[in-house]
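All of the numbers you see were taken from the coordinates with simple rules; none came from a lab. Treat the numbers as computed from the prediction; the structure is a model and nothing was measured. Note that each Cβ is placed from the backbone with ideal geometry, even for glycine, and that neighbours are counted across all protein chains shown.
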Amino acid sequence: MSSVISLKFALQQVTVYVGLFILVPGLIGGILNIIVFTTLNTFRQTTCAFYLTFASIVGIGQMMTSLFIRILSDGFSVDPRRISWFCKIYFFASNWCYAVWLTSICLATIDQFLSMSTYRRFSHLRFAQRFIIIASICWFIHNILLLIYWDASSGVCTVMNPNYSIYFSHFTLPVLYACLPIGVMSTFSLLAFYRARTLASRQLNIVRLSRDRQLTAMLLIHVIYNVIVLIPFTTFYIYSLNTTTTSAEQRAANALTFTVTILIEYSMFAVSDTFRKFLLC
């Protein structure tokens, strides 16, 4: 029993200190990132910067909903998700922000590749705005089921429909939120990086070339870090789906591992904004 108490105490301390260490710089970095992209003329009219600006906005929303509430609940034992309506809105808002954030980053990597290819005509602010609106609406519709099936039962915010639970845990989380965006981000960021190196040897507008290389380098670093931090949580989550835990000590250990891996995943919102801020200065 003492080991269970120790593991729960470790979970609480990790959530508070690591969570706040991620939350505060993440919010500051996100705000500074928005200011940089919306004030510098070099980037203000680029579609890639538009996607990254929108990603910063929803990233701030994700940290304020998901990470902040997790710090309150696991770190300070103040869990507003025990209230039915808050449980529904919390999971809807956090999942919508997370999905739109991933989509924005994927679109940014695709756009950066297109901007340096023969399909450059599709890299236009008009298309970017439409893609973001369409993605936001699609994820809104997709996540309406969260409002229907998530609820606070006996003080625990959980999914009430077993069929939707299977869909959410076996498809939404591992595929839509992990494997698919990892594949898209990795593929197009590498293609964009290769294209940028190819263009560097040609006679092009020096301002455009410098901007494209800067954005491509920033995206590549961003994507590499995102992939690194997504893998631990995805791996542990898939492992937890295929194992059955009976002992209290093992459940406490799994809860601590889950918390550590998801905090590592949350760090991509803070660290990516910090990377962008310094690379653009």
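Remarks
- Between the stretch 1-60 and the stretch 102-146, the C-alpha centres lie 21 angstrom from each other.
- The phi torsions of the stretch 87-93, fed into the Karplus equation with coefficients 6.51, -1.76 and 1.60 and a -60° offset, translate into couplings of 4, 5, 5, 4, 5, 5, 5 Hz, rounded to whole numbers, with Gly and Pro shown as x.
- Amide H contacts under 5 Å for Trp150: Met160, restricted to partners 5 or more places along the chain or on a different chain, H placed in the peptide plane at 1.01 Å from N.
- Residue-averaged [θ]222 nm for the chain, counting only DSSP H segments that reach four residues, each worth -39500 (n - 2.57): -26000 deg cm²/dmol
- Lys/Arg +1, Asp/Glu -1 at C-beta; the chain dipole; positive extreme among Ile144, Ser123, Val24: Ser123
- Of Thr246, Thr187, the sequence from fewest to most neighbouring Cβ atoms within 10 angstrom is Thr246, Thr187.
- Projected label points at Thr243 and Ile231, each 7 Å from Cα along the beta carbon direction, are separated by 1.9 nanometres.
- Only Lys, Arg, Asp and Glu carry charge here, each on its Cβ (+1 for the first two, -1 for the last two); on that basis the stretch 2-280 has a dipole of about 1040 debye about its Cα centre.
- From phi via Karplus (6.51, -1.76, 1.60), per-residue ³J(HN,Hα) for the stretch 217-227 in Hz, x at Gly/Pro: 4, 4, 5, 5, 4, 4, 5, 4, 5, 4, 5
- Packing-based exposure ordering (other Cβ within 10 Å, fewest first) of Tyr17, Tyr98: Tyr17, Tyr98
- Label point 7 Å beyond Cα of Val14 along Cβ direction - residues of the stretch 221-261 with amide nitrogen under 14 Å: 232-234, 236-237, 250-261
- For the stretch 1-69, the gyration tensor built on C-alpha atoms gives a prolate shape. Its axis ratio a/c (a ≥ b ≥ c) is at least 1.5, and a/b is the larger of a/b and b/c.
- Taking the fewest neighbouring Cβ atoms within 10 Å as the starting point, the ordered list for Leu241, Leu145 is Leu241, Leu145.
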